[in-house]
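Q: Starting off with a structure, shown below.
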Ligand code: ADP
């Protein structure tokens, strides 16, 4: 089975990586797909996010990383993939994820969405929280892989957070 894991990944966190690692063991091929969304302000460019994800997944043989714009269902058709995986944290994720999944299903009934629950240690972890901590100089060592930490530190140092979407 080929599966797409779409998201913003701004930046990738240990929560994302955990979903990638666990789901890659269940599928033949996992396509991690960074959404190009011009209406969402981001800290990292799409290329930077793709590069970080490529570096983080370089040793997982069945994972590839790409980006897409437009509707997820159109991207799925383009790459001939009918299954989407999304991570679920607290119940608060559920309503939003359920809505998106049903909307995608309404647009293309062949697309199925699978949900994978987070690990308990990543329950409250989000890219937004990590960015906020980074900007205010707190410690987020346990929340992101080292290479992401280095890029975040550089971004904050360079003032790249000014355009970031924190909330
Ligand atoms: P989006 O803007 O599409 O929600 P995100 O990068 O925030 O993009 O999230 C991508 C996917 O990863 C979503 O399914 C989200 O629920 C999941 N995710 C984010 N953080 C975690 C986490 N800590 N544990 C498990 N899944 C997560």
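Q: For residue 71 and residue 126, calculate 0.36 nm times their separation in residues minus their Cα-Cα distance, and state this gained length in nm to one decimal.
A: On the way: separation 55, 0.36 × 55 = 19.80 nm, distance 2.30 nm.
Full extension from residue 71 to residue 126 adds 17.5 nm.
Q: Now, a different point. In whole percent, what relative contact order does the stretch 2-161 give with Cα contacts below 8 Å and a gap of six or more residues?
A: Details: 223 pairs, mean separation 45.2, N = 160.
Taking the mean separation of contacting Cα pairs over the length of the stretch 2-161, I get 28 percent.
Q: A further question follows. Does anyone have the angle between helix 14-24 and the longest principal axis of the chain? Alpha-carbon axes, 0 to 90°, nearest 10?
A: The helix 14-24 is inclined about 30 degrees to the chain.
Q: At what distance in nm do the modelled label points of residue 154 and residue 88 sit from each other, each positioned 7 Å from its Cα along Cα→Cβ?
A: It works out to 3.8 nm between the two label points.
Q: Let me ask another. Sort the stretch 45-127 into rounded, prolate or oblate with this rule: let a ≥ b ≥ c be the square roots of the eigenvalues of the Cα gyration tensor; rounded if a/c is under 1.5, and if a/c is not under 1.5, prolate when a/b is larger than b/c, oblate otherwise. Please list the in-between numbers first.
A: Values: a/c = 1.81, a/b = 1.07, b/c = 1.69.
Oblate, because a/c is 1.5 or more while a/b does not exceed b/c.
Q: I've got another one for you. So what's the Cα pair-distance distribution over the stretch 2-161, bin width 5 Å, in %?
A: With a bin width of 5 Å, the distribution comes to 2, 9, 18, 21, 22, 16, 8, 3, 1, 0.
Q: If you count, for each residue, the other Cβ atoms within 10 Å and average over each peptide, how do 19-31, 86-98 line up from highest to lowest? Can you show the working numbers first?
A: On the way: 19-31: 17.6, 86-98: 13.6.
So the peptides 19-31, 86-98, ranked by packing, come out 19-31, 86-98.
Q: Another one. Would the stretch 77-123 count as rounded, prolate or oblate if I go by the C-alpha gyration tensor, calling it rounded below 1.5 in a/c and otherwise prolate when a/b exceeds b/c, oblate otherwise?
A: Values: a/c = 3.96, a/b = 1.81, b/c = 2.19.
Since a/c reaches 1.5 but b/c is at least a/b, the shape of the stretch 77-123 is classed as oblate.
No value in this document is a laboratory result; all are computed from the given coordinates. Bear in mind that the values here come from a model prediction, so they are computed numbers and not experimental data. Backbone-built Cβ (ideal geometry, glycine too); neighbour counts: all protein chains shown.
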